[in-house]
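Asker: One structure follows; several queries about it will come next.
The values are calculated or read from the model by the stated rules, or taken from the named source; none is laboratory data. Here the structure is a predicted model, which means the values were calculated and not measured. Cβ sites come from the backbone with ideal geometry, for glycine too, and all protein chains shown count toward neighbours.
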Amino acid sequence: MSLFRASFPGSGDFAPLFRLLDDYDTHRSTRSQPSARSFSPRFDVRESKDAYQLDGELPGIAQKDIDIEFSDPQTLVVKGHIERDYNTSNRQAQVEDEESEQSEQTTAEPTHRFWASERAIGEFQRTFSFPTRVDQDNVKANLKNGILSIQVPKATVATTKKITIE
């Protein structure tokens with residue numbers, strides 16, 4: 001038994017109505033998602049005495065589909081996209097043969113359907129902000145076996161230079 005009343009006297013109980021409106025809002029927001037999903041690749045970030053080392057998992061992503069740039073002097077942005085193409089050359093040849101046998105008004109139906117589609121597709125973007133100044137001109141990146149390695153050297157400490165007045 002509750003010590004407090006669920007509603008004010010004479011106001012009725014609106015909790016179920018509000019719950020229904022919240023559920024409807026959640027349903028609408030998930031339906032309006034774009035068809036291309038986004039994902040966030042995982043990265044390991046290490047710091048040594050003179051550089052930052054980033055290693056990220058980007059399996060199946062071509063080098064041409066990855067962009068690495070600085071958005072400001074200490075912020076590195078890694079972004080890109082991935083698309084999955086499940087058509088093989090054998091399947092394409094089979095479809096072309098079927099299309100040539102059929103009239104131009106009908107199309108060949110795909111011979112497979114997905115039971116599950118769990119691999120990441122769509123756009124991705126990761127942003128890394130470094131606590132110290134970095135040397136943007138000497139950043140090196142390498143993509144090998146689905147691992148993107150980025151070495152970001154730290155900038156040398158600016159020394160003060162005394163100016164003498166003549």
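Asker: Is it true that some residue in the range 110-122 is more than 18 Å from residue 47 (Cα to Cα), modelled with pLDDT under 65 and out of contact with any Cys (no Cβ under 9 Å at 6 or more places or on another chain)? Please lay out each step first, then the result.
Answerer: We begin by selecting, within the range 110-122, every residue more than 18 Å from residue 47 (Cα to Cα); these are 110-122.
If we keep only those that are modelled with pLDDT under 65 as well, we get 110.
Checking which are out of contact with any Cys (no Cβ under 9 Å at 6 or more places or on another chain) leaves us with 110.
There is at least one residue in the range 110-122 that is more than 18 Å from residue 47 (Cα to Cα), modelled with pLDDT under 65 and out of contact with any Cys (no Cβ under 9 Å at 6 or more places or on another chain).
Asker: Related question: Determine which single condition residue 103 fails, assuming it passes every other condition in (1) at pLDDT below 85; (2) within 26 Å of residue 62 (Cα to Cα).
Answerer: All conditions pass for residue 103, except number (2).
Asker: What are the residues in the range 124-141 that are surrounded by 11 or more Cβ atoms within 10 Å (Cβ to Cβ) and more than 19 Å from the chain's Cα centre (by Cα), if any?
Answerer: Step one: list which residues in the range 124-141 are surrounded by 11 or more Cβ atoms within 10 Å (Cβ to Cβ), which gives 124-126, 128, 130, 133-136, 138-139, 141.
Scanning the range 124-141 gives 130, 133, 134, 135, 136, 138, 139.
Asker: What are the pairs, 6+ residues apart or on separate chains, where a residue within the range 133-158 that is on the phi < 0 side of the Ramachandran plot has its Cβ under 7 Å from a residue that is among the small types (Gly, Ala, Ser) and modelled with pLDDT under 95?
Answerer: 133/155; 134/155; 135/155
Asker: Right, something else. Which of the residues that make up the range 136-163 are assigned to a loop (DSSP other than H, G, I, E, B) and either modelled with pLDDT of 95 or more or not charged (D, E, K, R) (or both)? Spell out how you get there, then give the answer.
Answerer: Taking the range 136-163 and keeping what is assigned to a loop (DSSP other than H, G, I, E, B), we get 139, 145-146, 155-163.
Hits for the range 136-163 are 139, 145, 146, 155, 156, 157, 158, 159, 160, 163.
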